[in-house]
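K.L.:
If you scroll down you'll find the structure; I have some questions about it.
The numbers here are math on the coordinates, done by the rules we state, and not lab data. Note that this is a predicted model, so its numbers are computed, not measured. Heads up, the Cβs are rebuilt from the backbone with ideal geometry, glycines too, and the neighbour counts pull from every protein chain shown.
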Amino acid sequence: MHALIDCNNFFVSCERVFRPDLWGKPVVVLSNNDGCIISRSNEAKALGIKMGEPHFKAKPLLVKNNVAIFSSNYSLYGDMSHRVMQVLAQFSPDIEIYSIDEAFLSLKGFEHKNLSEYGREVRERIYRWTGIPVSVGIAETKTLAKAAANFAKITPKLEGVLELNNNALVDAALNKLDVGDVWGIGRRNAAKLNDKCIITAKQLTKLDDATIRKTLSITGLKTVQELRGQNRIPIELAPPPKKGITVSRSFGTPVTELQPLQESIATFTAKACEKLRKEGLAASAIIIYAHTNKHRKQDRQFNGSVTCELPYSSDNTANILHHSRECAVRIYKEGFRYKKAGIMLIGLQEKNNEQLELFNTVKTTDSEKEENLMQLVDGINKQLGNNTVFYAAQGINHKWKPTSELVSKHYTTRWSEVLSV
DNA sequence: TCTGGGGTCCTAGGACCC
DNA sequence: TCTGGGGTCCTAGGACCC
């Protein structure tokens, strides 16, 4: 058996922990750049506010209903997530942290327990110790546990926990579940299935494998087998190695000149390299990209990306900045209003496992001096706050900076800020 | 008049997730 | 005026090999 623990309206719940006056009131959290609505309280959902809706479009409705609005505060959510996961880890050694607000537990060896009772304990302890409400789904496979958690969330009388522990219960749940709400079946696939008159998850389980394979590919077939009770998506106790690291942002105001574009890309590069070092990885290539605002039909559009193989795998900011700045020059064209840019680090490998040159005539690794400098920079920024020291290439006058006008205090990570209130 | 078969690797695009 | 960010996986098609 597997359990899925899913935090309810997670970002909104994090904000409410420090703003108890907002319990029972409509609250939303916005994406970066205050662009879209990405988390809604139940009261906000009831007002008809849609997930992913642009903030500016929803504004009249938000104002009219006196909805509390927050810019996203990822350091707060990351810290709260960590707390939730720590509590959860007390319940089973076999835990897969699936996302910032969800985790799977393997309940192998717990067969003798009353699992619903166990689920209620998990829920109560997380709420008591972190203030975050969660839903718990328990079932034979991960895909069924996801479905169970969904019902646990939206059905008040279940009080947040649903265990699908016999065929009749599974059937009842799958009959009620829209095929598009199955984990792994998205909007496009749901439309394809609806065309074939497959509306519910139960109907999907009765479709023959060849048709499923043809319509939904091999991943879809695995999903259906999971719905039938066969485990095809194993718990991942250790996170698989990363294949790429991306840092990108939309600009608060459109960028038309090279210098701010370069400075933004330098800032994203520094951030990406910091992540790289944190993971103990080195990159062998980078991709720089930038594009205009596709929603502005009246503007000339541009979508560009430049790939650059690094001479040797590296995690050194100065080195990678050198190449990313060159890419920024190559990608820039006059006469466009850039809306977003970013960097992807690819060809990742473990830092201490780099390919060495057979004949040591060219530089093939970062030098010890460079390594020491990076350690020092990371150490200072960790202790004294992000960007205490930074590269001149990042600039100091970030006109492109994303808007974030409604951000809450960093209650759990920056005491200076909280104490200054 | 008529132009194979079998394989690998890479890339772009599309789908999905939170 | 105003539309997020960070990932993964699969497939089809092209390039290339013998």
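K.L.:
Kindly identify chain A as rounded, prolate or oblate by the Cα gyration tensor criterion: order the square roots of the eigenvalues as a ≥ b ≥ c, call it rounded if a/c is under 1.5, otherwise compare a/b with b/c, prolate if a/b is larger, else oblate.
P.N.:
Since a/c reaches 1.5 and a/b is larger than b/c, the shape of chain A is classed as prolate.
K.L.:
What residues have an amide H closer than 5 Å to that of A:Gly35, excluding those fewer than 5 places away on the same chain, when H is modeled at 1.01 Å from N in the peptide plane?
P.N.:
none
K.L.:
Under the Karplus relation 6.51 cos²θ - 1.76 cosθ + 1.60, θ = phi - 60°, what is the ordered set of whole-Hz ³J(HN,Hα) values for segment A:315-323, x standing for Gly and Pro?
P.N.:
Result, rounded to whole Hz: 10, 8, 4, 4, 4, 5, 4, 4, 6.
K.L.:
Okay, moving on. Going by C-beta contacts inside 10 Å, put A:Arg330, A:Arg19 in order with the fewest on the left.
P.N.:
Ranking A:Arg330, A:Arg19 by Cβ neighbours within 10 Å, fewest first, gives A:Arg330, A:Arg19.
K.L.:
Quick one: which of A:Lys59/A:Lys153; A:Lys142/A:Lys275; A:Lys59/A:Lys243; A:Lys222/A:Lys271 span more than 32 angstrom between C-alpha atoms?
P.N.:
Table pairs above 32 Å Cα-Cα are A:Lys59/A:Lys243; A:Lys222/A:Lys271.
K.L.:
Under the rule of -39500 (n - 2.57) per DSSP H run of 4 or more residues, summed and divided by the residues of chain A, what mean residue ellipticity at 222 nm is obtained, to the nearest 500 deg cm²/dmol?
P.N.:
-12500 deg cm²/dmol
K.L.:
Then there's this: Is the shape of segment A:206-319 rounded, prolate or oblate, going by the alpha carbon gyration tensor and its root eigenvalues a ≥ b ≥ c, with a/c under 1.5 for rounded and a/b larger than b/c for prolate?
P.N.:
In terms of gyration-tensor shape, oblate.
K.L.:
Taking a ≥ b ≥ c as the square roots of the eigenvalues of the Cα gyration tensor of segment A:253-380, is the shape rounded (a/c under 1.5), prolate (a/b larger than b/c) or oblate?
P.N.:
prolate
K.L.:
Based only on other Cβ atoms within 10 Å, what is the fewest-to-most ordering of A:Trp183, A:Trp400?
P.N.:
By the 10 Å Cβ count, ascending: A:Trp183, A:Trp400.
K.L.:
Now, a different point. Sorting A:Thr246, A:Thr200 on the 10 Å Cβ count, fewest up front, what's the list?
P.N.:
A:Thr246, A:Thr200
K.L.:
In addition: What's the whole-number percent of alpha carbon pairs in segment A:138-243 lying beyond 19 angstrom?
P.N.:
44 percent
K.L.:
Here's a follow-up. What share of the DSSP beta bridges in chain A is antiparallel, in percent to the nearest 5?
P.N.:
Roughly 90 percent of the beta bridges in chain A run antiparallel, per DSSP.
K.L.:
Treating only the Cβ atoms of Lys and Arg (+1) and Asp and Glu (-1) as charged, compute the dipole magnitude of chain A about its Cα centre; round to the nearest 20 debye.
P.N.:
Approximately 1580 debye in magnitude.
K.L.:
Taking 8 Å as the Cα distance limit and 6 or more residues as the minimum spacing, I'd like the relative contact order of segment A:1-83 as a percentage.
P.N.:
About 31 percent, as a whole number.
K.L.:
Rounding to the nearest 10 and keeping the result within 0 to 90°, find how far the Cα-based axis of helix A:115-130 lies from the longest principal axis of chain A.
P.N.:
40 degrees
K.L.:
Can you list the residues, at least 5 places off or on another chain, whose amide H is less than 5 Å from the amide H of A:Leu310, using H built in the peptide plane?
P.N.:
A:Ala285, A:Ile286
K.L.:
Something else about it: Which residue, chosen from A:Phe268, A:Thr403, A:Thr317, occupies the Cα position most advanced towards the positive end of the dipole of chain A, where the dipole is computed from +1 (Lys, Arg) and -1 (Asp, Glu) charges on Cβ about the Cα centre?
P.N.:
Looking along the dipole axis, the top candidate is A:Thr403.
K.L.:
In addition: Amide H neighbours of A:Tyr98 under 5 Å, counting only residues 5+ apart in sequence or on other chains, H built in-plane at 1.01 Å?
P.N.:
HN-HN under 5 Å from A:Tyr98: A:Ala103, A:Phe104.
K.L.:
Taking chain A as a Gaussian network, Cα atoms linked when under 10 Å apart, which of A:Lys275, A:Lys196, A:Lys351 shows the biggest mean-square fluctuation?
P.N.:
Looking only at A:Lys275, A:Lys196, A:Lys351, the biggest GNM fluctuation is shown by A:Lys196.
K.L.:
Can I ask one more? Which FRET efficiency value, to the nearest 0.05, is calculated for A:Asn387 and A:Phe302 with the Förster distance at 22 angstrom and r the Cβ-Cβ distance?
P.N.:
0.15
K.L.:
What is the magnitude of the charge dipole of segment A:85-219 about its Cα centre, with +1 placed on the Cβ of each Lys and Arg, -1 on the Cβ of each Asp and Glu, and no other charges, expressed in debye to the nearest 20?
P.N.:
400 debye
K.L.:
Can you tell me the mean projection area, over all orientations, of the convex hull of segment A:226-286's alpha carbons? Units nm², please.
P.N.:
Projected area, direction-averaged: 7.5 nm².
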